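Asker: Pasting in a structure now, in structure tokens, and then I'll have a few things to ask.
The values are calculated or read from the model by the stated rules, or taken from the named source; none is laboratory data. As the structure is a prediction and not an experimental result, all values here were calculated from the model. Virtual Cβ from ideal backbone geometry, glycine too; neighbours counted across all protein chains shown. Note: accessible area is taken over every heavy atom of the protein model, side chains too, but ligands, DNA and RNA are not part of it. Shrake-Rupley method; radii C 1.70, N 1.55, O 1.52, S 1.80 Å.
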Amino acid sequence: MEDVADIRSETEPQFIRVTADAHDAVLFLIYQQPGSNTVAIADEVKATLDRLGNKLPSGVKIAQWYDQSDLIVASAVSVR
């Protein structure tokens, strides 16, 4: 049987890598389902993260990157 590959040790490429403040990070996205309320979802996520805050290991930081509900609330406030 003939050889079909050359195997060598190399660095694995990192195609998807998330960093924040120069540290590796975890990014999670929450998508609204049809018929749901973006503002209500965001409020519940914030409340859940607040409850989890004191249960996280030291050094773990949760930070918001983008919240579409902020745009919705700001738009509603600007309506006269």
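Asker: For the chain, which whole percent of the accessible surface, found with a 1.4 angstrom probe, sits on carbon and sulfur atoms?
Answerer: It is 55 percent, rounded to a whole number.
Asker: Now, a different point. Would you mind checking the radius of gyration and Dmax of region 10-55 based on alpha-carbon positions, in Å?
Answerer: 15.7, 48
Asker: Now a separate question. With N residues in the chain, what two-decimal value do you get for its Cα radius of gyration over 2.2 N^0.38 Å?
Answerer: Relative to the 2.2 N^0.38 Å estimate, the chain comes out at 1.81.
Asker: ³J(HN,Hα) across region 35-48 via Karplus (A = 6.51, B = -1.76, C = 1.60, θ = phi - 60°), whole Hz, x for Gly/Pro?
Answerer: 3J(HN,Hα) across region 35-48, in whole Hz: x, 9, 10, 4, 5, 5, 4, 4, 4, 5, 4, 4, 5, 5.
Asker: Continuing with the same structure: For region 1-25 and region 40-75, write down the distance between their C-alpha centroids in whole Å.
Answerer: 32 Å
Asker: While we're on this one: So which GluC sites (Glu not before Pro) in the chain pass both tests, a DSSP loop state and at most 13 other Cβ atoms within 10 Å of the Cβ?
Answerer: In loop regions of the chain (DSSP not H, G, I, E or B), the sparsely surrounded GluC sites (Glu not before Pro) are Glu2, Glu10.
Asker: Send over a whole-number figure in Å² for the accessible area per residue of the chain, probe 1.4 Å.
Answerer: With all protein chains present, the chain gives 100 Å² per residue.
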